[in-house]
Amino acid sequence: MTAILEFGYVFWNPIIWLVAFVVVLVIVFFFRRQGRQDYKKDTAQAQIFLCGEEVPEAEQRHIRADNIYWGLFETLKGYYDQVLRPHTGIVNDYILWFVAVMAISAVIILIAG
Amino acid sequence: MSLKAFKRALWVYHLNTGSCNGCDIEILAVLTPRYDVERFGIKLVGSPRHADVLLVTGPVVRQMVSRVRRIYEQTPDPKLVIVVGSCGIEGGVFYESYSLAGPVDQIIPVDVYVPGCPPRPEAVIEAVVKAWVKLEKAEQGVR
């Protein structure tokens, strides 16, 4: 026998939850079955409707997540062009930058020191 | 005529192929309380994939040819095409214009023509009813 957990105003019972889930599932499938079955598969009738436009491949119609920052990148284009250029992705370059900054820092410390 | 084979509501997709908007306003009038075709189950839908009937206005400009064909192909069978307005029937005031590829029946098959510039809402409703009867006969033929 499954116990009913009570938390003041609400309760939790896995059996009731499962029954409710199955009822909702049956309702969802009922409405889904009301859809039209007479369309022709593997034809344009099964394609996405884009106001009559040709539907591009999935890779081409995918909008990347960083698209949300488009306005930011476009506004600061001059800054990003300068900053992104040194970011080559090559470790040797980064080590070179590190050594160069260390050397400049060392010179400044020695002079100021 | 009672409907025996085509029992569901008639869903219509409105396609503007370069119309001046006159016919489109009359189609809108068909939906207003004065005519209110939704009480008969005639409903405008936002996708041809849900539609039984294509309601085409305009003379089909060149830019629209591939779109019109694609939308026609995307409409599930059985489907009917109604052309509303003189432009879609024979070019209307745009007759022999450089930018036209139409009229509509040179691009896709047409079942019902509604002449007028623009036609009155009553004419549009009559055309839809004729299309409905034709669909009923088509459905009966299938069964």
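The values are calculated or read from the model by the stated rules, or taken from the named source; none is laboratory data. All values reported here derive from a predicted model rather than from experimental measurement. As a convention, Cβ positions derive from the backbone with ideal geometry for all residues, glycine included, and neighbour counts pool all protein chains shown.
Overview of values
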| item | result |
| --- | --- |
| Any pair with Cβ under 7 angstrom, 6 or more apart, that starts in region A:42-56 at a residue that is more than 7 Å from every other protein chain (Cβ to nearest Cβ) and ends at one that is among the aromatic types (Phe, Trp, Tyr) | A:46/A:39 |
| Top-ranked residue in region B:45-73 [being more than 11 Å from chain A (Cβ to nearest Cβ) and either at negative phi or surrounded by fewer than 17 Cβ atoms within 10 Å (Cβ to Cβ) (or both); ranked as farthest from the chain's Cα centre (by Cα)] | B:62 |
| Test result for residue B:126, part of a helix (DSSP H, G or I) and either within 14 Å of chain A (Cβ to nearest Cβ) or surrounded by 24 or more Cβ atoms within 10 Å (Cβ to Cβ) (or both) | no |
| Residues that are of a type outside the set (A, V, I, L, M) and in contact (Cβ under 8 Å) with a residue 24 or more places away in the chain, drawn from region B:14-33 | B:14, B:16, B:17, B:18, B:19, B:20, B:22, B:23, B:24, B:26 |
| Region B:74-90: number of residues that are at negative phi and more than 10 Å from chain A (Cβ to nearest Cβ) | 10 |
| Residue satisfying all of: in region A:44-61; out of contact with any Lys or Arg (no Cβ under 8 Å at 6 or more places or on another chain) and surrounded by 10 or more Cβ atoms within 10 Å (Cβ to Cβ); farthest from residue B:79 (Cα to Cα) among these | A:61 |
| Within region B:5-98, helices (runs of 4 or more DSSP H) holding 2 or more residues that are at pLDDT 90 or above, in contact with a helix residue (DSSP H, G or I) (Cβ under 9 Å, 6 or more places away or on another chain) and of a type in the set (D, E, K, R) | B:65-74 |
